[in-house]
Amino acid sequence: MSSLLKITDLHVSVADTPILKGVNLEIRQGEIHALMGPNGSGKSTLAYALAGHPNYSVTSGTIEIDGVNITELEADERARLGMFLAFQYPVVIPGVKVADFIRHAISNIRNPDRKEGEGLVGMREFRKEIKSRMEELGMDVEFARRYLNDGFSGGEKKRMEILQMAMLQPKFAILDETDSGLDSDAVRVVSEGLAKLSGPEMGVLIITHHERLLEFNPPQYTHVMLGGRIVETGDASLAHDLHANGYAAIRERHPEAAADNAQAEAAAV
Amino acid sequence: MSTDVPEKADVEIGDYQYGFHDPTDNYEFKSRKGLDAEIVAQISEMKKEPEWMRQFRLDSLKIFESRPMPDWGGDMSELDFDDIYYYMKAAKEQGRSWDDVPDDIRKTYDRLGIPEAEKKYLAGVKAQYESEVVYGSLQEDLEKQGVIFTDTDSALRDHPELLREYFGKVIPPEDNKFAALNSAVWSGGSFIYVPPGVKIDFPLQAYFRINSQNMGQFERTLIIVDEGAEAHYVEGCTAPTYSSDSLHSAVVEIIVKRGGRFRYTTIQNWSNNVYNLVTKRAMAYGDSLMEWVDGNLGSKLTMKYPAIYLMEPGARGETLSIAFAGNGQHQDAGAKMVHCAPHTSSRIISKSISKDGGRSSYRGLVKVDDGADHCKSNVVCDALILDPDSKSDTYPYIEVEEQDVAIEHEASVSRIAEEQLFYLMSRGLTEEEASAMIVTGFIEPLVKELPMEYAVEMNRLIELQMEGSVG
Ligand SMILES: Nc1ncnc2c1ncn2[C@@H]1O[C@H](COP(=O)(O)OP(=O)(O)O)[C@@H](O)[C@H]1O
Ligand SMILES: [Mg+2]
């Protein structure tokens, strides 16, 4: 049975300001969903809330994986249940080597009951695995010895996110603008990388403004977010349409959400 | 390696009680408490020292008595000079029983995987660390090359001419109150002489000859690296070192002659009752390189500012230090670089971590004498504060009497960023693991300079310190 990520009437506030106002979404393992929407509509907020960021508080509604309510779980517990977020802005961790970090992370994920200091994934098999994954993503193996995201270019950071995803093999992956700020070569590498990794074992939510990532990873569903709600859902052609024609028509069809969004955008400036 | 690893709970290195005592009847000799000329003379007599040393001690005592307590640095109001034994000579087998060692210290040793013999030494159960057999052949090798590596008391007996020439020359007793105290009552410490051109390619460790003479309250270390010679000395230990003595005041004097290279690495982790007030200074001559690598954990108050005097053109000095201040601890540490000659350069990298209400201060001085043109100095100090109860402050002093110099100073204070924690946790690390990883990363630039076994222990220790502390 394929797993199900189910989001029901989700309301999320940041610093007491309501941002998400009732999001409903179901993603099955093996499916690809695109999430689009203008700036400030709440896409990243949804991504953080799903991953369990402590500053994004769920005021009502639920997040479930296979019927288990994970709304109150810490980020690490969710990760162990198969949740993964590729960050829009990956965080720099000085002095922590990529390889050490990933080895620790996959050990926790693959062996959730391990005692501290025990049960680390074997060094030799780990090296082999990370090396082949890096090669697939066209990454210099030297990166494994570098400090996590420290001094990385935008493209290198995004590739590092995909590498982590490849190593952690999550059930549900959310990619928050993994393709933005990259040159076209880098977008291609990341898109192909994702295409290789996704499959029947992974449900993917792709947050994007661009078409390239979706070309390589055609979505079965496209959702449009506006003013903290998902206002429309369609198939891949909706994504094409939005790319070609923008959000004017959507705003017209959903004036209330559009007003909320305009307010949020104004507040953000 | 120990196999009996205790449960994760209740081990908190910074917090252990120092509840065990030395049996008092186990000393061959023990001076009465307090300090006066009679006691100082008695110490010298017990050690059968030459007259000049006896006089040096007595003169130093006068200087100690005439100096006020420093009114800066840490709080020393609880330090009572009259309540201290200044000299104790242990009987052959020091008799603290293993059963007297508090459980939590033993557990910590086990968790760090400290070998049995070493554990007993650290806990004060054994006065002598059984290393002679292991290191015997190395020692022989060194002797063949003319290297002298011994404790300072033996050096005074066996190499009086070297001691006469160099002892108390880098740090005279007039330097500060605690240097004067050490000069009056010193005992133990290491003496090293490396002859011209001799390069020792493995670190000389205090473990070599650890014995009751070597590690004490008032150690006195003197190291002379002759022209073109190279060496690395490592002292201390990352495991918590229990001491029933509340005051430790060491003096370390180093001379690196023309073209020589020397690195002095210290890792100290005293129990929470200890005032650790250390004076360390090196003089670096033409084209030489002197490096201090200094890690301070534990203690109640540590005041330590390793200094390098750059005496001749081409001399370079570098100090790397880490301080970890936990509950009830104040680490007042830093560095001092004095550019006495033109074309000299120095670098200070200082990192501190404060946690559970601990306080760490960086105190540093860069001084450029008149005429010392074309000097370069670079100071970087970073502080990481782990919770709102903890503190960090920075006291950088720069005194420049010369125009043509380049001095850079950067300081940063950071708290563990929520975004860093969340990022790591979203990959499946627990909050404790994530914090430990961030802290380990923070000190990594320094830890990678340590010898392998120290680096591994240091990281392990940080993990232990971080356990159960967050949340
Ligand atoms: N950490 C935050 N602090 C304050 N406001 C935030 C924070 N994160 C998001 N917001 C606000 O929430 C709204 C939605 O933002 P976001 O989810 O980033 O939108 P999107 O990713 O769709 O551009 C915006 O008004 C933004 O200003
Ligand atoms: Mg966003």
Count neighbours as other Cβ atoms within 10 Å of each site's Cβ, and list the GluC sites (Glu not before Pro) in the stretch A:54-97 that are DSSP loop with at most 11 such neighbours. A:72
Residue-normalised accessible area of the stretch B:242-341, given per residue in Å² at a 1.4 Å probe: 19 Å²
Chain lengthening between residue A:2 and residue A:131 when straightened (0.36 nm per residue, less Cα-Cα): 43.5 nm
Can you give me the distance in nm between label points at residue A:16 and residue A:220, each placed 7 Å from the Cα along the Cα-to-Cβ direction? 4.3 nm
Please find the FRET efficiency linking residue A:113 to residue B:159, where r is the Cβ-Cβ separation and R0 is fixed at 51 Å, and quote it to the nearest 0.05. 0.25
Which ³J(HN,Hα) values, rounded to whole Hz and listed in residue order, are derived for the stretch B:309-314 from phi using the Karplus coefficients 6.51, -1.76 and 1.60 in 6.51 cos²θ - 1.76 cosθ + 1.60 with θ = phi - 60°, glycine and proline given as x? 9, 8, 8, 9, x, x
Accessible surface of the stretch A:91-151, 1.4 Å probe, proportion on carbon and sulfur as whole %: 48 percent
Convert 4 °C to kelvin, take the viscosity as 1.567 mPa s, use the Kirkwood radius over C-alpha pairs of the protein assembly as shown as Rh, and evaluate the Stokes-Einstein diffusion coefficient in µm²/s, rounded to a whole number. 45 µm²/s
Note, the stretch A:191-200: 3J(HN,Hα) by Karplus (6.51, -1.76, 1.60, θ = phi - 60°), whole Hz, Gly/Pro = x, goes 5, 5, x, 4, 4, 5, 7, 6, x, x
From the helices alone, meaning DSSP H stretches of at least four residues, give me the mean residue ellipticity at 222 nm for chain A, per-run term -39500 (n - 2.57), in deg cm²/dmol to the nearest 500. -12000 deg cm²/dmol
Under 15 Å from the Cβ of residue B:364, count the other residues' Cβ atoms, weight Lys and Arg +1, Asp and Glu -1, and hand me the total. 0
Hey, if you put +1 on the Cβ of every Lys and Arg and -1 on every Asp and Glu Cβ in the protein assembly as shown, which of B:41, B:310, B:271 ends up farthest toward the positive end of that dipole? B:310
Cβ-Cβ FRET estimate between residue B:407 and residue A:196, R0 fixed at 56 Å, reported to 0.05: 0.60
In whole Hz and in residue order, list the ³J(HN,Hα) couplings for the stretch A:154-160 that follow from phi through the Karplus curve 6.51 cos²θ - 1.76 cosθ + 1.60, θ = phi - 60°; x for Gly and Pro. x, x, 5, 4, 5, 5, 5
For the stretch B:440-460, which residues drop by 20 square angstrom or more in accessible area between the chain on its own and all protein chains together (1.4 Å probe)? B:441, B:444
Charged-residue dipole, Cβ positions (Lys, Arg, Asp, Glu), the protein assembly as shown about Cα centre, Debye nearest 20: 760 debye
Given the stretch A:65-158, what whole percent of its Cα pairs are spread farther than 16 Å? 64 percent
Using a 1.4 Å probe and counting only protein heavy atoms, how much accessible surface gets buried when A and B come together, both sides summed, in Å² to the nearest 100? 2400 Å²
Under-5 Å amide H pairs with residue B:378, H placed in peptide plane, nonlocal only: B:346, B:347, B:348, B:408
For the stretch A:49-155, which trypsin sites (Lys or Arg not before Pro) are in a loop by DSSP, counting at most 12 other Cβ atoms within 10 Å? A:115
Pull up all non-local amide H partners of residue A:235: gap of 5 or more, or a different chain, and H-to-H distance under 5 Å with H placed in the peptide plane. A:222
P(r) over all Cα-Cα pairs of the stretch B:393-471, 10 Å bins from 0 to the longest distance, whole percent per bin, short to long, reads 15, 33, 28, 15, 8, 1
Here is the link list: A:21/A:196; A:128/B:448; A:43/A:131; A:43/B:351; B:62/B:351; A:97/A:171. Which ones come out longer than 29 Å on Cα distance? A:21/A:196; A:43/A:131; A:43/B:351; B:62/B:351
Once both labels are modelled 7 Å past Cα along the beta-carbon direction, what's the residue A:240-residue B:373 spacing in nm? 7.5 nm
What does chain A give for Rg and for Dmax, in Å, if only its C-alpha atoms count? 18.5, 58
Å³ per residue of the Cα convex hull, for the stretch A:191-269? 109 Å³
Probe of 1.4 angstrom, ligands and nucleic acids ignored: what's the accessible area per residue over chain A, in square angstrom? 44 Å²
The stretch B:391-435: GluC sites (Glu not before Pro) in DSSP loop, at most 16 other beta carbons within 10 Å: B:401, B:402
Report the calculated FRET efficiency for residue B:140 and residue B:169 (r = Cβ-Cβ distance, R0 = 35 Å), to the nearest 0.05. 0.70
Say a paramagnetic label sat at a point 7 Å from the Cα of residue A:263, along Cα to Cβ; which residues of the stretch A:35-64 have their backbone N under 16 Å from it? A:40-42
Residues whose placed amide H lies under 5 Å from that of residue B:230, excluding near-sequence neighbours: B:198, B:199, B:200, B:261
For residue B:448, put the label point 7 Å out on the Cα→Cβ axis and report which residues of the stretch A:113-151 keep their amide N under 11 Å from it. A:145-148
Pairs from B:144/B:169; B:300/B:336; B:48/B:336 whose Cα-Cα separation, in the structure shown, is over 25 Å: B:144/B:169; B:48/B:336
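The values are calculated or read from the model by the stated rules, or taken from the named source; none is laboratory data. Given the structure is predicted, the values throughout are model-derived calculations rather than measurements. Using ideal geometry, Cβ is built from the backbone for each residue, glycine included, and neighbour counts are taken over all protein chains shown. We work out accessible area using only protein heavy atoms, side chains counted, and drop any ligands, DNA or RNA first. Shrake-Rupley method; radii C 1.70, N 1.55, O 1.52, S 1.80 Å.
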